[in-house]
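Structure first, commentary second.
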Amino acid sequence: MKQRTFALLIVTVLLASFLVMGPAAAQSDTLTIASGTDIENLNIHIVTSSPSFSVLEHIYEPLFSMSPEGELEPLLAESIEATSDTTYRITLKEGISFTDGTPLNAEAVKANLDWVLDEANGAPFRFLLVVNGEPAEVAVVDEYTLEITTAAPFAPLPAHLSHGALGIISPALLEQGADAMASNAVGTGPYVLESWSRAEEVVLKRNPDYWGEAPAIETLVFKVVQEDGARIVEIEAGTVDVAVRVPPAEIPRLEANPNIDVVVTPGLRTIYVFFNVNNEPFDDVRVRQAVNYAVDTQAIVDNLFEGAALVSTAPFAPPIFGYAEQQPYERDVERARQLLAEAGVEEGTTVVLYHPTGRYVQDALVADAIRAQLAEVGLNVELRTLEWTQYVPHVRRPMEEGNDVQFAMLGWSTPTMDADYALFALFHSSEVPPGFNGSFYSNPEVDRLLEEARSTLDPEARKAAYSEAISIIWEEAPWLFLYSEIQVTAIRNNVSGFIVHPDESLIATFAEKN
Amino acid sequence: MTQFIIRRLLLALPTLIGASFLVFWSIRLVPGDPALALAGELATPEYIAQVREKLGLDQPILIQYANYIGNVLQGDMGRSVRSGIPVLEEIQIRLPRTLLLASISLIVSSVFGIAIGVTSATKPNSWFDGGSMIFALLGVSMPIFWLGLMLMIFFSVLLPQWFGLPGPVLPPTGSGTWQHLVMPVIALAANSMALQARMTRACMLEVLQQDYIRTARAKGQQERLVIYRHGLRNALLPIVTVLGLQFGTLLGGAVLTETVFAWPGIGRLLVDAIAFRDYPIVQGAVLVIATGFVLTNLFVDILYAYLDPRIRYA
Amino acid sequence: MATLTRTTKKLYDRPVQRSRTYTWLKRLLRKPTAIVGLLIVLAFLVIALTAPWISPHNYDLADFTNARRGPSAVYPLGNDELGRDMLSRLFHGARISLTLGLTSVAIGLLIGVPLGILSGYFGGTLNLLIMSAVDIMLAFPSILLAIMLVAFLGPSLQNAMLAIGILSIPVYTRLVRSSTLTTKEELFIEAARALGASHLTILWRHILPNVLAPVIVQSTLQMAVAIQAAAALGFLGLGAPPDVPEWGNMLQKGRTYIFSAPHIVLYPGLATMLVVFGFSLLGDGLRDVLDPRLNRD
């Protein structure tokens, strides 16, 4: 009997302590961000995921920064000018040092860019500095000046230099090799690495010797909270200050919460379904347009995303330079049926739609929705999915390898915020598989316009060329244009100045917490 | 005793070799070139060539296996495709976390499982007995991950709702504080606890039929002493064996539990690696878990022989 | 001589099976837990077989204005994330679970039983080989082997069935081997050998019927294991493609909405638990009835 009462007592005490112990209150000099995945490693030249860039871009800085509005701003570099068609001269800011004391100079920048260009290092973003298959050449002019020469005129280069993958690592660390760079971080940025507990969290501390304006928050904690639902619970409880990738279904609930701001930021990724224009029935432009008329993207956005997506009005998202708004294909079942009939597509024709699963937000769901909608115009859609690593090689195969794909869903993000990156690889006839132009779209006029736009340095001329190219592409519909992603982030309302960038990186440098 | 240990060790060796061979060979199940699978799709041609050389694909399969084991024993299990960090390092960081979870679950499940089992055996066919056995069967039938999800809903949403609390009673996922351990332990232990209860009850029932129990009672011994000193101690042997095996099963169940609660252990490493097609990690993690399982069984066998001398000469 | 053999053969050919089944069933139905198990299993079978006809709605019809709605009059168990009827999806999921279970168990049976019999009967090197293979497979805790196989082969329903089937083989092999060892010592085996019966005849006519009892029990329990394993694989995304209404799949997809629409996660798990529970109860009951002395491995 005594044993039992004792046990009961323990249980009561435990229960009571649970109820009394509230969530740990977050201190005002620490900002906790709940992100969905862990960083891959600490080498900013090797990582590919946006959570990795979010963390590492507080430690490492590239030469320029791209503002959320798409404006190039100086960061480690003071200025950039084109001294010739193919050469850019960059002047660095003086007096900046890495946290290990090494000075930032043109040699350091060259070492970093050369490291990325070295194929043996396998940098995934090497292509940012490759023009027409030729790597750019980096030359040191004097201590704070360098020149980058490309094989052909390349207007997007300054934008490319703002990409996180070209962040500048201390040359001393660079010399120690990839292994050292994967587990150590020495940069010029406003924060330094305090600790990285794998699959749990990364802790950054304010850099006391930062060359720029010191950030207000002392400690940044990037906590890995994989479960969507768990991130919501934590932001509501206040155990984290920022929660990324809020599931659209939770938006109304969070908006109703007085302590939380739901911040909506347009993203740079467009989700689309490309048609293989070499295969039936999508070799006929009428059929492609019919599909565009049949699918009610607005309904998908409203119901599946609770409005947290942008119906596409161009092949890429609005914040990107070169965007030109087109008239979206509004749902018109009659028109769709008519076009199909004209093209001779019989009622009940089966078409196979490939889609990835778990790669993009709600990708399988959207594919299912498309299937349901196409059924209404007499197209019988069979859904097929593959694991991501097999998916891309399968749907973007050269025709000679027996490519029988009819249409397939993919996403494309434009981290450089420049239309060249968004259009050239996808619509230029030279980029057909094994390149990225999975739809095998080929239009000589579009080719010419894209080539012109990338070699002219005059922004207005580029915009005009892109505008024309886009309207042709829109008309010829090599894609089912769907939507571009919107990032939904939940932030506690006592935090101000936190920036969610369209390129999915998070910037806490200017944040303050009350 | 030493002879027995050596014998058992020698017997375990072929199993280890066989299991490691299975893990080594399985990479060839992946459609396509195994070197490409192990190097990752974004790898440079140089790195792929490196991997191919290490695999030695043109050599007979036994030589390849010898190379593989040789490398593993030197600590080289390849590199993670996703992070580029050596597989051994990734595993080393995460394994202790899983061991923590599994150990605590084992203790919890044993304590409660044995207690319930003993009580059931001493009151056979009572309401307690019938009820607890039904519950135990339910516990075994319940998918661990579903139980985990239900616990999450209960502690993070329902309880705060009912009591009007500002936040979740227990943090739904992650690690770091002891509160993070509670739900994963409950979920992981539930299955084991149920099994342990049933097994204990069965063993105890058998033991309690024995003559020496009747003698002890006839001698006027206190019932509690009869049950514990004479009954449980003798029933303990098979229970201990099951305990040891449970640890191995817990390692397997940890995979699911860690996924649900995002506990950063080796189970979650494995699942994430599968999603990313990070085959070197998949191979390494499976090998480590399987080896641990074999070694645990070995240890339990030896322990059993130590406790019951009759086994040594079997 | 010929007449003698024929008469003796007739003695052995006595149809013992039929009356034995009748006795089993009667004894089974006397245990309340077994009845519950039997009812659950029967319900599961009926639902799985008649799913297309008893489903109130088209399980595949997506109506996203109903997305994530809780239980209502029209949709008794609510709607999933695409607005599909949960009840209909659960029914069709039963079909898939049944297929998965039966196929895996069949694979285990068809390969494990012969291996076990051969291993137990002939002993020697064959036994060593087979049991070593069994030990190797049992060196992997629970579903780890299945996870690894499906991870490398690629997730699909077929691969999941194959992997779980492979998992079942060692269980049967061990079980049947020990049964065979016991039966081998029986007097009537010696008698049959003395009469000149070939190994094949002995195996087929005498050994096999006697190992049937534990195999039946194990198969029932193995169904429970298989369905649980299938749900686990589905939960990890290693099973059927996502739009297939497999219960584990449904749990995985519903995780995102666990706090706003918990019914998506509640029902598939409940269904899995019930079915596994039913098969376990039935298996336990069968075991008590068929051979109370039967020891679990």
Residue in the range C:179-200 that is at pLDDT 85 or above and either among the aromatic types (Phe, Trp, Tyr) or in contact with an Asp or Glu (Cβ under 6 Å, 6 or more places away or on another chain) (or both) present: no
B:LEU251 being farther than 30 Å from C:HIS263 by Cβ and aliphatic (A, V, I, L, M): yes
Index of the failed condition, C:ALA240 passing every other in (1) small (Gly, Ala, Ser); (2) crowded, with 20+ Cβ neighbours inside 10 Å; (3) farther than 23 Å from C:ALA67 by Cα: (3)
Tally, over the range C:150-174, of residues that are buried (at least 22 other Cβ atoms within 10 Å of the Cβ) and without any contact (Cβ under 8 Å) to a residue 40 or more places away in the chain: 1
Positions within the range B:253-273 being surrounded by 24 or more Cβ atoms within 10 Å (Cβ to Cβ) and without any contact (Cβ under 8 Å) to a residue 60 or more places away in the chain, in sequence order: B:VAL255, B:LEU270
Contacts under 7 angstrom Cβ, first residue in the range B:11-28 being more than 9 Å from chain C (Cβ to nearest Cβ), partner of a type outside the set (A, V, I, L, M, F, W, C), 6 or more apart: B:PHE24/B:TYR65; B:PHE24/B:TYR68
Check on B:PRO238, at pLDDT below 75, within 14 Å of another protein chain (Cβ to nearest Cβ), in contact with a helix residue (DSSP H, G or I) (Cβ under 7 Å, 6 or more places away or on another chain) and surrounded by fewer than 24 Cβ atoms within 10 Å (Cβ to Cβ): yes
Selection from the range A:293-316 of residues that are assigned to a helix (DSSP H, G or I), touching a helix residue (DSSP H, G or I) at 6+ places or on another chain (Cβ under 8 Å) and not β-branched (Val, Ile, Thr): A:TYR293, A:ALA294, A:ALA299, A:ASN303, A:LEU304
Residue match in the range C:270-285 (condition: out of contact with any Leu (no Cβ under 6 Å at 6 or more places or on another chain), at the interface with chain B (Cβ under 10 Å from one of its Cβ atoms), closer than 15 Å to C:GLY78 by Cα and at pLDDT 85 or above): yes
Of all residues making up the range A:392-419, the number that are out of contact with any strand residue (DSSP E or B) (no Cβ under 6 Å at 6 or more places or on another chain) and part of a strand (DSSP E or B): 1
Residue selected from the range C:130-175 under the condition over 19 Å from C:SER219 (Cβ atoms) and among the polar types (S, T, N, Q), by the criterion farthest from the other protein chains (Cβ to nearest Cβ): C:GLN158
Some residue of the range B:204-216 being out of contact with any strand residue (DSSP E or B) (no Cβ under 6 Å at 6 or more places or on another chain), surrounded by fewer than 22 Cβ atoms within 10 Å (Cβ to Cβ) and facing another protein chain (nearest Cβ under 10 Å): no
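So that you can scan it fast, the table gives a plain yes or no per residue for (1) outside any helix (DSSP H, G or I); (2) under 22 Å from B:GLN179 (Cα atoms); (3) within 14 Å of chain C (Cβ to nearest Cβ):
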{"position": "B:GLY220", "(1), (2), (3)": "yes, no, no"}
{"position": "B:ILE227", "(1), (2), (3)": "no, no, no"}
{"position": "B:LEU232", "(1), (2), (3)": "no, no, no"}
{"position": "B:LEU250", "(1), (2), (3)": "no, yes, yes"}
{"position": "B:GLY253", "(1), (2), (3)": "no, yes, yes"}
{"position": "B:TRP263", "(1), (2), (3)": "yes, yes, no"}
{"position": "B:LEU269", "(1), (2), (3)": "no, yes, yes"}
Test: A:ARG371 is more than 10 Å from every other protein chain (Cβ to nearest Cβ) and among the basic types (Lys, Arg): no
Any pair with Cβ under 8 angstrom, 6 or more apart, that starts in the range B:281-298 at a residue that is more than 7 Å from chain C (Cβ to nearest Cβ) and ends at one that is among the acidic types (Asp, Glu) and in a helix (DSSP H, G or I): B:ILE281/B:GLU90; B:GLY284/B:GLU90
Qualifying residue in the range A:210-232 (condition: within 28 Å of B:VAL260 (Cα to Cα), more than 13 Å from chain B (Cβ to nearest Cβ), surrounded by 21 or more Cβ atoms within 10 Å (Cβ to Cβ) and in contact with a strand residue (DSSP E or B) (Cβ under 9 Å, 6 or more places away or on another chain)): yes
Verdict on C:LEU115 being away from every other protein chain (no Cβ under 14 Å), free of Cβ contacts under 8 Å to residues at least 40 places away in the same chain and not small (Gly, Ala, Ser): no
Qualifying position, being closer than 30 Å to A:VAL495 by Cα and of a type in the set (A, V, I, L, M, F, W, C), among A:ALA308, A:ALA364: A:ALA308
Positions within the range B:115-152 being among the aliphatic types (A, V, I, L, M), more than 10 Å from chain C (Cβ to nearest Cβ) and closer than 30 Å to C:LEU236 by Cβ, in sequence order: B:ALA136, B:LEU151
Residue count, the range B:73-108 (criterion: buried (at least 22 other Cβ atoms within 10 Å of the Cβ), free of Cβ contacts under 8 Å to residues at least 12 places away in the same chain and in a strand (DSSP E or B)): 0
Answer residue from the range C:238-252, given it is assigned to a helix (DSSP H, G or I) and of a type in the set (A, V, I, L, M, F, W, C) and is nearest to the other protein chains (Cβ to nearest Cβ) among those: C:LEU251
Filter result for the condition that a residue is small (Gly, Ala, Ser) and away from chain B (no Cβ under 14 Å), over A:ALA243, A:ALA343: A:ALA343
Selected residue (only one of B:LEU159, B:LEU170, B:LEU165 is out of contact with any Cys (no Cβ under 7 Å at 6 or more places or on another chain) and part of a helix (DSSP H, G or I)): B:LEU159
Pairs with Cβ under 6 Å, 6+ apart, first in the range B:161-183 and more than 7 Å from every other protein chain (Cβ to nearest Cβ), second in a loop (DSSP other than H, G, I, E, B): B:GLN179/B:LEU170; B:GLN179/B:PRO171; B:HIS180/B:PRO171; B:HIS180/B:GLY174; B:VAL182/B:LEU170; B:MET183/B:LEU170
Checking B:VAL118 against (1) free of Cβ contacts under 8 Å to residues at least 40 places away in the same chain; (2) over 18 Å from C:TRP247 (Cα atoms); (3) aliphatic (A, V, I, L, M), the condition it does not meet: (1)
Residue satisfying all of: in the range C:254-267; at the interface with another protein chain (Cβ under 8 Å from one of its Cβ atoms) and in contact (Cβ under 8 Å) with a residue 24 or more places away in the chain; nearest to C:ALA160 (Cα to Cα) among these: C:THR256
Per-region count, the range A:263-285, residues surrounded by fewer than 22 Cβ atoms within 10 Å (Cβ to Cβ), touching a Ser or Thr at 6+ places or on another chain (Cβ under 6 Å) and under 25 Å from A:GLN298 (Cβ atoms): 1
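The values are calculated or read from the model by the stated rules, or taken from the named source; none is laboratory data. Keep in mind that this is a model prediction, so the values were computed, not measured. Cβ: placed from backbone, ideal geometry, glycine included. Neighbour counts: every protein chain shown.
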